Amino acid sequence: MHSSGHSKPRTLGELKGIPDFDPGGACRSVKNELRRNLLRSIEKGETLFPGVHGYEDTVVPQIVNALLSRHNFILLGLRGQAKSRILRGLVNLLDPEMPVVAGCEINDDPFKPICRACREKIAGEGDNTPIAWMPRENRFVEKLATPDVTMADIIGDVDPIRAARGGRDLSDELTIHYGLLPRANRGIFAINELPDLAGKIQVGLFNIMQEGDIQIKGYPLRLPLDVLIVFTANPEDYTARGKIITPLKDRIGAEIRTHYPATIEEGMTITAQEAWVGRDSGKKIDVPPYLRQVVEEIAFQAREDKRVDRRSGVSQRLPITTLESLVSSAEQRAARNGENSVVARVADVYAALPAITGKMELEYEGELKGADTTDINFQSVIQWFELGGELKLPDLATTSERCQQLSKIQGLMEHVGRLGVSDRKDAGAAAAAAEMILEGLWAHRRIGRSEERGFYAEKPRQPDQREREGPPRPPRRQFN
């Protein structure tokens with residue numbers, strides 16, 4: 001319409017009068033509309049789900065197949081795997097706007113109305129029937145499934161006040177107050193955490209998906225809704241017996257598994273995209289690449305650790321909030337020291353612990369993995385501590401003070417180039433890299449560290465009494 005120079009029609013007659021208007025195209029189902037726009041996007045080489053990384057060769061092709069097959073589908077994955085973002089991104093595959101009967105609760109098509117009120121209006125007013133234009137953002141309806149969700153919330157209920165005002169019987173279609181699903185007509189209806197939905201609600205869903213008829217308060221009503229229904233769920237809950245009724249599972253066209261980033265680089269890309277690090281305080285805060293990698297590695301290590309409950313997962317929000325807290329710690333230090341520019345340090349990772357602990361659910365005590373070894377010779381640094389050297393860096397020490405203290409350790413500044421610091425005169429970058437090296441030596445148990453003493457020489461572990469005496473004897477048998 002816009003390409004032909006026409007303004008938006010406001011009545012059904014004006015809509016019919018547009019020379020290049022195609023009534024058949026206007027009546028196209030939402031699944032066919034998604035198919036058409038999806039194929040056009042693929043042919044143009046456009047990014048289908050902007051902001052979603054790591055799914056190009058796994059999840060996205062499966063979603064494309066489901067949409068091209070006109071299937072309702074479900075995304076199965078742990079928390080923080082961009083399931084909701086993907087579903088909301090489906091809106092971009094809809095037309096920019098569509099005509100609807102003005103004032104209709106279920107977005108009726110002016111050429112093919114399904115509710116009685118719109119049919120009567122068009123029969124009475126004809127071409128003078130007013131129409132409105134609905135943007136695609138309003139064609140997405142989302143509901144979080146909880147055990148207290150009712151049929152009235154999803155399907156609808158009889159409105160006795162409306163019946164009384166109109167003098168109608170309760171079985172009259174015009175007395176119905178529609179729920180979320182009918183209001184998503186000609187759009188996309190998404191339900192998050194499907195297994196938490198009560199069984200009777202699931203029955204109502206699969207009946208609509210298969211037959212298109214609904215019952216409200218025992219009154220049968222034929223309502224052929226045009227809607228794409230999509231779901232999300234945790235795989236553990238979805239496969240659990242009794243949480244999903246079999247007929248509903250049978251009517252879901254595709255089950256698509258999501259996953260966490262496969263590589264550190266993918267995770268860092270997502271975290272850099274989502275984390276709020278560009279602050280408005282006027283302070284320049286630089287986060288070195290190796291610290292960003294450390295933040296991402298926390299999530300990767302937690303996902304593999306036996307002590308973390310894998311059924312709940314470790315959300316990608318963990319490195320996002322950790323990086324934000326790390327930046328805030330550096331920002332706070334800059335404000336307290338009156339510095340306009342500061343480089344984040346490894347101590348800021350420890351300051352971000354509150355952003356980490358709440359996103360991991362521990363299961364049981366597992367075995368610790370040994371640290372990887374390194375072939376870099378830090379003997380001169382270690383020897384400095386073994387000869388009695390100790391270093392404790394105050395939390396609010398300025399950049400120049402920290403750099404001056406770290407430079408006293410023999411051989412330490414010679415290795416900062418391995419962390420990407422090309423100019424040792426850059427006090428902030430050099431001090432942050434040097435502190436990171438000391439932290440690594442402590443992690444490998446080459447030196448010691450404590451809150452009271454800071455970094456110091458690691459004393460060799462003395463064998464306990466039982467180790468000196470040899471293998472322990474079996475416990476004595478207990479008698480009652």
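The values are calculated or read from the model by the stated rules, or taken from the named source; none is laboratory data. In this text the structure is predicted, and so the values were computed from the model without any measurement. When we count neighbours, we look across all protein chains shown, and the Cβ atoms used for this are built from the backbone with ideal geometry, even at glycine. Keep in mind that these areas ignore ligands, DNA and RNA; they rest on the heavy atoms of the full protein, side chains included. Shrake-Rupley method; radii C 1.70, N 1.55, O 1.52, S 1.80 Å.
Summary of computed values
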read-out: Residue satisfying all of: in the stretch 329-345; polar (S, T, N, Q) and open to solvent by 50 Å² or more (accessible area, probe 1.4 Å); nearest to ILE285 (Cα to Cα) among these; value: SER341
read-out: Tally, over the stretch 291-325, of residues that are open to solvent by less than 30 Å² (accessible area, probe 1.4 Å), among the hydroxyl-bearing types (Ser, Thr, Tyr) and modelled with pLDDT of 95 or more; value: 1
read-out: Test: residue in the stretch 76-99 that is closer than 20 Å to GLU274 by Cβ, hydrophobic (A, V, I, L, M, F, W, C) and in contact with a His (Cβ under 9 Å, 6 or more places away or on another chain); value: yes
read-out: In the stretch 346-376, residue modelled with the lowest pLDDT [restricted to those that are open to solvent by 90 Å² or more (accessible area, probe 1.4 Å) and touching a helix residue (DSSP H, G or I) at 6+ places or on another chain (Cβ under 9 Å)]; value: LYS369
read-out: Pairs where the first residue, in the stretch 399-425, is free of Cβ contacts under 8 Å to residues at least 60 places away in the same chain and the second is open to solvent by 50 Å² or more (accessible area, probe 1.4 Å), C-beta under 7 Å, 6+ apart; value: ILE409/TRP384; GLN410/TRP384; MET413/SER407; MET413/ARG424; VAL416/ARG424
read-out: Number of the exception - GLY388 against (1) over 38 Å from the mean Cα position of the chain (by Cα); (2) loosely packed, with under 13 Cβ neighbours inside 10 Å; (3) on the phi < 0 side of the Ramachandran plot; value: (3)
read-out: Subset of the stretch 239-250 (residues that are in contact (Cβ under 8 Å) with a residue 12 or more places away in the chain and either in contact with a Leu (Cβ under 6 Å, 6 or more places away or on another chain) or surrounded by 15 or more Cβ atoms within 10 Å (Cβ to Cβ) (or both)); value: LYS243, ILE244, ILE245, LEU248
read-out: Odd one out for ILE256 among (1) among the β-branched types (Val, Ile, Thr); (2) under 30 Å from PRO195 (Cβ atoms); (3) more than 15 Å from the chain's Cα centre (by Cα); (4) assigned to a helix (DSSP H, G or I); value: (4)
read-out: Condition check for SER400: open to solvent by 30 Å² or more (accessible area, probe 1.4 Å) and closer than 23 Å to GLN379 by Cα; value: no
read-out: Test: residue in the stretch 92-115 that is within 36 Å of the chain's Cα centre (by Cα), basic (Lys, Arg) and open to solvent by 10 Å² or more (accessible area, probe 1.4 Å); value: no
read-out: Among (1) among the basic types (Lys, Arg); (2) at pLDDT below 85; (3) assigned to a helix (DSSP H, G or I), the one test that ARG241 misses; value: (3)
read-out: Options ARG85, ARG79; residue that is closer than 27 Å to GLY179 by Cα and either assigned to a loop (DSSP other than H, G, I, E, B) or out of contact with any Leu (no Cβ under 8 Å at 6 or more places or on another chain) (or both); value: ARG85
read-out: Pairs, first on the phi > 0 side of the Ramachandran plot in the stretch 138-156, second open to solvent by less than 40 Å² (accessible area, probe 1.4 Å) and part of a loop (DSSP other than H, G, I, E, B), C-beta under 7 Å, six or more apart; value: GLY156/GLY179
read-out: Residues satisfying the stated conditions in the stretch 264-281, i.e. in a loop (DSSP other than H, G, I, E, B), open to solvent by less than 70 Å² (accessible area, probe 1.4 Å) and either among the acidic types (Asp, Glu) or more than 20 Å from ARG79 (Cβ to Cβ) (or both); value: VAL277, GLY278, ARG279, SER281
read-out: Identity of the residue in the stretch 288-317, in contact with a strand residue (DSSP E or B) (Cβ under 8 Å, 6 or more places away or on another chain) and not small (Gly, Ala, Ser), that ends up nearest to ALA82 (Cα to Cα); value: VAL314
read-out: Single residue of the stretch 427-460 satisfying the filter (in a strand (DSSP E or B) and on the phi < 0 side of the Ramachandran plot) that is surrounded by the fewest Cβ atoms within 10 Å (Cβ to Cβ); value: SER450
read-out: Residue in the stretch 206-225 that is open to solvent by 40 Å² or more (accessible area, probe 1.4 Å), farther than 13 Å from ILE154 by Cβ, modelled with pLDDT under 90 and part of a helix (DSSP H, G or I) present; value: yes
